[in-house]
Amino acid sequence: MPMRVKLYLDVFFLINTGMNLVVFLTQSLLMQKTIRLWRLILASVLGAVMACLLVLFHVHRNLLLLVLSYFFVSVFLVRLAFGKMTTARTVMHLLLYYACAFILAGLLLQVQKSFHYPLTGASMLGLMLFVLLLLRYFMPKLKKEKERVSYLYRLRIYDRGSKIEGMALLDTGKKPVMLGSKNFLEKLWKGKDPPLMRMIPYHSVGKKMGMLCAFRAQRLEIECGGDWQFVEDAWVAVCEECVSVDGEYEMILHPDMLNNENGKEKS
């Protein structure tokens with residue numbers, strides 16, 4: 001005699017709605033994209049309704065029909081949740097949707113296997129909400145760290161046969177002049193006379209006008225995207241103080257030096 005399973009559609013509907021919403025919220029966090037909540041809720045509810053219809057009409061008895069139904073339902077829900085998009089972006093969103101659902105489902109099974117914890121509807125939603133809160137806490141920190149690192153560049157400065165190498169922070173000043181700490185730049189002319197300096201004016205926060213010593217380096221190399229760009233006769237200003245409080249970088253780089261079309265070479 002075949003085993004009979006009793007399914008409560010109201011409980012099935014609520015669990016599916018909650019799970020869909022957690023998957024959509026996780027996807028929007030990973031994409032770092034702000035989506036209107038009502039769209040995610042609407043997509044989650046309609047997804048749960050369609051899941052109930054698939055069960056009521058016994059679609060699961062035909063594997064091909066089940067796979068096709070879930071595919072087209074998923075495409076509809078993704079476009080409903082994240083709005084109108086191109087075919088390529090739809091495929092990308094759909095793959096990410098399946099990846100989030102797969103990872104979260106695997107996490108639930110791993111918790112059940114490791115802790116012998118019964119997977120009730122409430123426990124599944126609770127665990128997924130916990131994962132969602134963790135993502136909501138860590139994603140902004142990861143984004144901030146990524147943005148911080150994206151403004152740091154490795155560089156080399158050459159002058160009269162000497163070379164120093166360090167890190168530079170990208171700045172948006174008006175004039176294409178680099179700024180470096182004196183302790184770092186002195187390594188470039190160690191054992192030699194300092195290069196010929198000239199005074200250049202500058203503005204900074206809390207100081208309307210000041211003067212800095214600057215010299216013209218023979219060559220400057222900046223690592224950008226795996227390649228080394230070079231700038232000939234680059235002006236480098238000398239700062240008496242450290243330009244980075246924690247010592248993470250030694251120079252401040254002007255963006256015009258990254259847009260140099262004349263000097264590019266492979267690393």
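The numbers here are math on the coordinates, done by the rules we state, and not lab data. Note that the structure is a prediction, hence the values are computed from the model and not measured. Here the Cβ positions follow ideal geometry from the backbone for every residue, glycine too, while neighbour counts run over all protein chains shown.
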By the mean-Cβ-within-10 Å protection proxy, highest first, 16-27, 229-240, 104-115, 88-99 rank as 16-27, 229-240, 88-99, 104-115
Quickly rank 249-256, 52-59 as a protection proxy: mean count of other C-beta atoms within 10 Å, highest first. 249-256, 52-59
Please work out how much length the chain gains when fully extended from PHE102 to LYS187, using 0.36 nm per residue of separation minus the C-alpha to C-alpha distance, in nm with one decimal. 25.2 nm
At 0.36 nm per residue, minus the direct Cα-Cα distance, what do TYR8 and GLN110 gain on full extension? Give it in nm, one decimal, please. 34.2 nm
